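Read the structure below first, then the notes.
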Amino acid sequence: MGIRIAVIGVGYLGRHHARLLASLPKASLAGVVDADPERSAAVAAEFGTRAYRSLEDLPRDVRAVTVAVPTEAHHAVSLACLERGWDLMVEKPLAASMEEGREIVEAAEKRGAVLQVGHTERYNPAVRSSVPRIRRPLFVEAHRLGTFTPRSLDIDVIQDLMIHDLDLVRSLDPSPVATVAAVGVRALTDKMDIANARIRFESGCVANLTASRISTDRVRKIRIFQADSYISIDTAEQEVAHYRLDLGGEGRPRILNDPVSVEKGEPLKVELSSFLDAVGARSRPIVSGRDGLAALDLAERVRKAIQEGGS
């Protein structure tokens with residue numbers, strides 16, 4: 001039998017957690033919890049499990065949970081789950097603030113629990129296929145644009161969308177952040193809906209990130225420039241283009257197209273499967289609680305730069 005796991009919060013994203021966990025042989029979907037009993041009952045019926053009114057009602061033999069409640073509830077729900085000894089995957093962002101995020105991470109470390117944060121792009125097949133070719137980025141440009149939806153309006157576009165690229169850039173260049181300059185605009189909500197950040201790392205790498213949740217098109221593109229190569233990643237289409245500099249036999253420079261094979265798949269499924277592996281092996285997840293905390297810290301630095309006038 002697979003690892004007994006439950007899903008807390010089965011709105012748009014949590015429903016997909018339940019769907020995928022029900023399909024994974026290494027998982028046994030023990031139940032779902034949601035503040036809306038009709039919704040949890042419908043999801044439970046759809047994927048062959050039981051609906052529970054609260055996490056306190058979940059069976060004692062549950063080993064792990066995924067948390068897909070609104071961000072403002074991550075802190076309370078995560079701590080309650082850790083108190084019960086469950087391993088935990090929390091959707092991004094880890095928490096609504098650094099203080100809350102730090103408390104979750106420290107509670108998990110104190111209990112020896114596996115804590116994974118749902119930065120799904122790290123599990124995207126296009127990103128995973130590109131990582132072996134990325135050695136020392138000099139400039140990274142990312143555009144993450146989405147059409148407006150009524151979901152995730154409890155957080156701004158930095159925590160909603162840009163945080164994916166903040167986490168990705170940190171994973172590509174782990175050196176400390178030297179400076180952050182940013183601008184942001186409120187358009188359709190009372191929080192920032194468009195933001196641009198320019199981040200310089202102590203390594204010398206510069207990242208220029210743009211995120212919008214009121215675009216007419218859905219765009220997920222990252223471009224990485226190195227001393228001798230250029231990599232373009234489309235995480236929505238799961239396609240990669242890699243061009244590299246070749247000096248040739250006579251020292252004449254030329255640009256070569258270096259094809260990258262991508263085995264397409266559903267990133268969330270890969271992410272959940274990886275979490276189950278970490279739970280089973282008691283190992284550090286690919287995106288740990290500390291990684292989620294670092295992304296949250298950088299998001300707060302971007303927001304602070306906007307508040308201070310972009311510098």
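The values are calculated or read from the model by the stated rules, or taken from the named source; none is laboratory data. Keep in mind the model is a prediction, meaning the values are calculated, not measured. Please note: Cβ atoms are built from the backbone with ideal geometry, for glycine as well, and neighbour counts cover all protein chains shown.
Only one of the numbered conditions (1) over 30 Å from Glu263 (Cα atoms); (2) at pLDDT 95 or above is violated by Ile163, and that is (1). State whether one or more residues within segment 278-299 are of a type in the set (Gly, Ala, Ser), more than 23 Å from Val7 (Cβ to Cβ) and crowded, with 18+ Cβ neighbours inside 10 Å. Yes, segment 278-299 has at least one match. A residue that is farther than 22 Å from Gly118 by Cβ, touching a strand residue (DSSP E or B) at 6+ places or on another chain (Cβ under 9 Å), at pLDDT 95 or above and of a type in the set (D, E, K, R) occurs somewhere in segment 188-200.
Here Leu88 fulfils each of the conditions (1) closer than 26 Å to Gly184 by Cα; (2) crowded, with 24+ Cβ neighbours inside 10 Å apart from (1). In segment 201-216, the residues that are without any contact (Cβ under 8 Å) to a residue 40 or more places away in the chain form Cβ pairs under 8 Å with partners that are buried (at least 16 other Cβ atoms within 10 Å of the Cβ), at six or more places apart or across chains, as follows: Phe201/Asp173; Phe201/Val177; Phe201/Ala207; Glu202/Val177.
Report whether or not Ala96 is out of contact with any strand residue (DSSP E or B) (no Cβ under 8 Å at 6 or more places or on another chain), surrounded by fewer than 16 Cβ atoms within 10 Å (Cβ to Cβ) and among the hydrophobic types (A, V, I, L, M, F, W, C). The answer is no for Ala96. Based on what the data block shows, is Val62 of a type in the set (Val, Ile, Thr) and under 15 Å from the mean Cα position of the chain (by Cα)? It is false that Val62 is of a type in the set (Val, Ile, Thr) and under 15 Å from the mean Cα position of the chain (by Cα). A count restricted to segment 252-309 and to residues that are among the hydrophobic types (A, V, I, L, M, F, W, C) and free of Cβ contacts under 8 Å to residues at least 40 places away in the same chain stands at 3.
The condition of being modelled with pLDDT of 95 or more and either among the aromatic types (Phe, Trp, Tyr) or closer than 30 Å to Ser28 by Cα (or both) holds for only one of Leu209, Leu272, that being Leu272. Checked across segment 192-200, the condition of being in the same structural domain as Asp165 (by TED's automatic domain parsing), over 19 Å from Ser130 (Cβ atoms), touching a Lys or Arg at 6+ places or on another chain (Cβ under 7 Å) and not charged (D, E, K, R) holds for at least one residue. Checked against the criterion of being within 17 Å of Ser130 (Cα to Cα), surrounded by 15 or more Cβ atoms within 10 Å (Cβ to Cβ) and modelled with pLDDT under 95, segment 243-253 contains one or more residues that satisfy it.
Just one of the listed residues (Ser171, Ser212, Ser175) is more than 21 Å from Lys304 (Cα to Cα) and small (Gly, Ala, Ser), and it is Ser171.
Can you pull out the residues in segment 70-81 that are surrounded by fewer than 21 Cβ atoms within 10 Å (Cβ to Cβ) and of a type in the set (A, V, I, L, M)? Correct list: Ala73, Ala76, Leu79, Ala80. Val33 - would you say it is of a type in the set (A, V, I, L, M, F, W, C), in contact with a Leu (Cβ under 6 Å, 6 or more places away or on another chain), farther than 18 Å from Leu276 by Cβ and crowded, with 22+ Cβ neighbours inside 10 Å? Criteria met by Val33. Take the conditions (1) among the charged types (D, E, K, R); (2) in contact (Cβ under 8 Å) with a residue 60 or more places away in the chain; (3) surrounded by fewer than 18 Cβ atoms within 10 Å (Cβ to Cβ); Asp228 misses just one of them, which is (2).
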